[in-house]
Amino acid sequence: MADYGTMKRPSTISTPTPTDDPHKPKDSTGKMSKDFKLFCFFNIPATPEAAAVRITRNFGYFGSYYTLLIWTVLSITLVPQRQMSLIFLVIMTAVGCSYLALLRVVPDSLLLHKTVEGRLVLVLLAIGTMIELILTYAAEHLFVTLACTVPIILVHAVFRVRDDGFVKEEDCGFGEYVPPTTTEEPKLADSV
């Protein structure tokens, strides 16, 4: 009888294959994987220069998370006793978020991006918030919050290592991760 191009269903019953060691995991390639490396995201920097590089890089990468940590702890400490200070804190946060949203909505604005530096505006908002908190008699809450969160942030910034495709500075001489760079200058195409 002809099959006319049809395939038969494979058997659902499989015979177990004998193994030498029942506790040994099976590998599909038959090779042992020896290239597995365990990477720890926290370690001690080799030199003070490496620590400074790591702090600046982590402040650039985790800065919004550090700010959110300080803001959360400050708002929690203001809730029980200083509701008016908490309202001012929320208002200044809304102003800062509105400015950041405006930067995203109008990306081609010469005034917002070139004339006025975004970080300068955010620093001025932070200073204004601190002055508001001091004037509303919440300075004690502000300083306790900063005394508790800034050491935690500094410890995290010093010991946290980012693994994102960087070359070790040990190869370059500093003992920290740096982005790979080229020494060649880009060549411009001749315009005709």
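Observations on the model:
- So residue 120, is it farther than 22 Å from residue 55 by Cα, loosely packed, with under 12 Cβ neighbours inside 10 Å and at pLDDT below 90: no
- For segment 52-71, a tally of residues being over 19 Å from residue 100 (Cα atoms) and open to solvent by 20 Å² or more (accessible area, probe 1.4 Å) returns 5.
- Those residues of segment 76-96 which are part of a helix (DSSP H, G or I), out of contact with any Leu (no Cβ under 6 Å at 6 or more places or on another chain) and either more than 21 Å from residue 121 (Cα to Cα) or at pLDDT below 90 (or both), in sequence order: 76, 77, 83, 84
- Boolean, residue 145 is without any contact (Cβ under 8 Å) to a residue 60 or more places away in the chain, open to solvent by less than 50 Å² (accessible area, probe 1.4 Å) and within 14 Å of residue 70 (Cα to Cα): no
- Filter pass, residue 155 being at pLDDT 50 or above and closer than 28 Å to residue 53 by Cβ: yes
- Selection status of residue 104, open to solvent by 60 Å² or more (accessible area, probe 1.4 Å), part of a helix (DSSP H, G or I) and under 16 Å from residue 63 (Cβ atoms): no
The values are calculated or read from the model by the stated rules, or taken from the named source; none is laboratory data. Note that the coordinates shown come from a computational prediction; the quantities given were computed from them, not determined experimentally. Cβ coordinates were reconstructed from backbone atoms using ideal geometry, including for glycine residues, and neighbour counts include every protein chain displayed. Surface areas here come from the heavy atoms of the whole protein model, side chains and all, with no ligands, DNA or RNA. Shrake-Rupley method; radii C 1.70, N 1.55, O 1.52, S 1.80 Å.
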